[in-house]
Every structure is written in structure tokens, then in C-alpha cells.
Amino acid sequence: MSHADDRSFRHGGMLVRVAADSRSVCLRAAELIEEAIRRALAARGRAVLGLATGSTPEVVYRRLVERHEAGALSFRDVTTYNLDEYYPISPLDPRSYRSYMHRHLFGRVDIAPHRAHLLDGTVPEPFAAEHAAQFERWIAADGGLDLQLLGIGRNGHIGFNEPSEVSIAEALRLPTRLVELHPVTRADAARDFGSEESVIPRALTMGVATILAARSIVILATGAHKAEVVAAALTGPMTAKIPASLLQSVAPKVTWILDEAAARGLSHYRFADR
Ligand code: F6R
């Protein structure tokens, strides 16, 4: 499907689409997800998606629900794995990503509950590492992720892979694991928790290695507050300090979808290598 108002170009081998506004970003992302589902169903009879939470993809899920309600899209043969979950947290806590996914998607489409996976915020801490390893084994047993949907934090995180000082080689190998949230992540999560002090400071996250292994990766960014980090991740050097820059290592399978505001820092590159 083509979009007259979309502009697209390649940077460092990654496809960058710039849409007029955040709604167009989300509609485009929903189309890519639907196309990935159809392609996987045609090839293997099942589709495996990696999903994100946060404010950016809400309209993506609303659109997928609309398509389902219109009879155009079924999740009957779709399996999903979410990027992350606070730790510890009950799945029934309205701030959990399990309940976010139930509100926005799982409770509104025909996905089989046992195929909608999130990391479990109730697993006892001594078993967290084994649970994370098991999550990766499930993804592998399902044949890997056909498409991973990502947002980007203001600090450049993907999932809850936070900025760090490790080498690029080490960052690229990061597995699914229990992590401490970065101060910027906690500040941004304050809107969901009432205050920064109330934000649960740890989380389980899919690892960088698991994300990069997906067959295709779609990363969304909307709003002026993302412009600086988008420019750094797309056009700066690869570094563990900006985890989204690690997507450059698998450039041909990455699509960025940005609104005008988030793309502002790319103005010099926009027409560079179309
Ligand atoms: C959410 C996730 C995070 C968000 C990122 C952007 O599952 O993994 O990396 O994608 O923090 O969040 P929003 O969309 O709220 O700006």
C-alpha cells in the first residue's frame, strides 16, 4: 500500500518513512503488521509478533482492533511476545504491561490467551533468569519473531535495554533479563505511576540480541521530544549509550516510521540518499 503523504529514504541501509503526523505513523505501522501477519500465514500458517507498549503504539492497536472488528484481520493463528514488563508487578495491576495489552489489544481481538506472551512480573527473583531464558526458548520454538514493533525512549532505550557503558559487542549479545530502569525512563513513567518515586524501578526486558534476531523490525517515534535521540540513533555512531543505534547492525531489516516532529533532526539527511 502506498501513501502519497509519506516520504521515505534510506539511511545507512535502514528504511526511514516520515509521515505527516502521529496518527499516520500508527496507521502505517498497523498496515505493516497486518502485511507481516498475512505473509507469515501464507508461508507457514502462523505468525509470530513482538509487541511494544507505551503511548506511541496505542493507535496502532486501535487500528488493528478496527480491522478485526471489520472482519478484515484475525489473530487466531498469531502468537505474540511483548518486549517487557515491570518487576515485580501483578498482571492484574492496571499499570502492568499485561493489563495494558489486555486493554488495548488482547481483550478486543480473537487471539488465543495462551499465545499472548508477556514476561511474568510475579516470578520469584531466584527464578527470574531462568524465566527470561525460557521466554527466549519459547520464541525460538515458535520459529522466531516475524516482526518486532519498537518504540524508543528519550534516552534511546529499546524495550528496557537502557543506555550503558558496555562495548558494542557486549551490547549486541544482551539477553532477556532483569534490569534496573534508567532515571530518564523512571521520569517518563511517572505519568503512569503518579510520581517518579512510585515508579517500579526494575523490569524484565527482551534482550538486544533477541530483538535484533527478529526477521523485520519496525520502530516508531512521534513528537519533538524524540527528535534528538532519533537523529543520534539513526545518524550517529553505534553505541551502547544509545541502544536504538544498535539497530544499525541489522540495517536492511529495520524500518523507522517517524512523524514530522520526530524527524526534525534529520532534515539534512532527508533527501541525501533516496
Ligand atoms: C514499551 C517499551 C519502551 C517504549 C519507549 C517509548 O514496551 O519497550 O521501550 O517503547 O519507552 O515509550 P512511549 O511510546 O510511551 O514514548
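Less than 15 Å Cβ to Cβ from PRO91, Lys/Arg counted +1 and Asp/Glu -1: what total charge do the surrounding residues give? Don't jump to the answer; show the numbers that get you there.
Values: positive: ARG95, ARG98, ARG103; negative: ASP84, GLU85, ASP93, ASP120.
Charge balance near PRO91 sits at -1.
For the stretch 178-253, a crude dipole built from +1 on the beta carbon of Lys and Arg and -1 on the beta carbon of Asp and Glu, taken about the Cα centre, is about 340 debye to the nearest 20.
Of the solvent-accessible surface of the stretch 1-138, computed with a 1.4 Å probe and all protein chains present, 53% belongs to carbon and sulfur. The residue list PRO57, MET14, LEU83 was ranked by how far each Cα lies along the charge dipole of the stretch 9-85 toward its positive end, using unit charges on Cβ atoms, and MET14 comes out on top.
Quick one: accessible area per residue over the chain, 1.4 Å probe, rounded to a whole number of Å²? Numbers along the way, then the final one.
Numbers: 11690 Å² over 274 residues.
Heavy-atom accessible area per residue stands at 43 Å².
The modelled label-to-label distance for the pair ASP77/ALA224, using points 7 Å beyond Cα in the direction of Cβ, is 4.7 nm. Each principal axis of the chain carries a Cα extent, and these read 51, 46, 36 Å when sorted largest first. Taking the Cα centre of the chain as reference, the dipole from Cβ charges on Lys and Arg (+1) and Asp and Glu (-1) amounts to some 720 debye. Taking a sphere under 10 Å around the Cβ of ARG154 and counting the other residues whose Cβ falls inside, with K and R at +1 and D and E at -1, yields a net charge of -1.
Mind running the shape call on the stretch 11-92? Use the C-alpha gyration tensor, a ≥ b ≥ c as the square roots of the eigenvalues: rounded below 1.5 for a/c, prolate if a/b tops b/c, oblate otherwise.
rounded
Taking every C-alpha pair closer than 8 Å and separated by at least 6 residues, the mean separation divided by the residue count of the chain gives a relative contact order of 25 percent.
In angstrom, the C-alpha Rg and Dmax of the stretch 177-274 are 15.1, 46.
Close amide H contacts of TYR87 (hydrogens built in the peptide plane, cut-off under 5 Å, sequence separation of 5 or more or a different chain): ARG202, ALA203, LEU204.
The stretch 1-80 and the stretch 222-244 have Cα centres spaced 22 Å apart. Projecting the Cα positions of ILE139, PRO201, ALA30 onto the charge dipole of the chain (unit charges on Cβ atoms of Lys, Arg, Asp and Glu, taken about the Cα centre) puts ALA30 furthest along the positive direction.
Which of rounded, prolate, oblate describes the stretch 107-186, given a ≥ b ≥ c as roots of the alpha-carbon gyration tensor eigenvalues and a/c under 1.5 marking rounded, otherwise prolate only if a/b is larger than b/c? Write out the running numbers ahead of the final one.
On the way: a/c = 1.58, a/b = 1.44, b/c = 1.10.
Taking the square roots of the gyration eigenvalues as a ≥ b ≥ c, the stretch 107-186 is prolate.
For the chain, the antiparallel share of DSSP beta bridges with both residues in that region comes to about 40%. Estimated at 0.36 nm per residue, the fully extended path between ILE168 and GLU34 surpasses their Cα-Cα distance by 44.9 nm. Around HIS104, with a cut-off of 9 angstrom between Cβ atoms, what is the net charge of the other residues, counting Lys and Arg +1 and Asp and Glu -1? Net charge around HIS104: +2. Between ALA233, ALA72, ALA203, the residue with the greatest mean-square fluctuation in the GNM of the chain (Cα pairs under 10 Å linked by springs) is ALA72. Entry note, the chain: the mean residue ellipticity at 222 nm calculated from DSSP H runs of n ≥ 4, each adding -39500 (n - 2.57), is -9500 deg cm²/dmol after division by the residues and rounding to the nearest 500. Shown is the FRET efficiency for LEU15 and ALA141, computed with R0 = 45 Å from the Cβ-Cβ distance and rounded to the nearest 0.05: 0.90.
The values are calculated or read from the model by the stated rules, or taken from the named source; none is laboratory data. Please read these numbers as outputs of a predicted model, since none were measured by experiment. Neighbour counts are summed over all protein chains in view; Cβ atoms, including those assigned to glycine, are modelled from backbone coordinates with ideal geometry. These area figures cover heavy atoms from the full protein model, side chains too; ligands, DNA and RNA do not enter into them. Shrake-Rupley method; radii C 1.70, N 1.55, O 1.52, S 1.80 Å.
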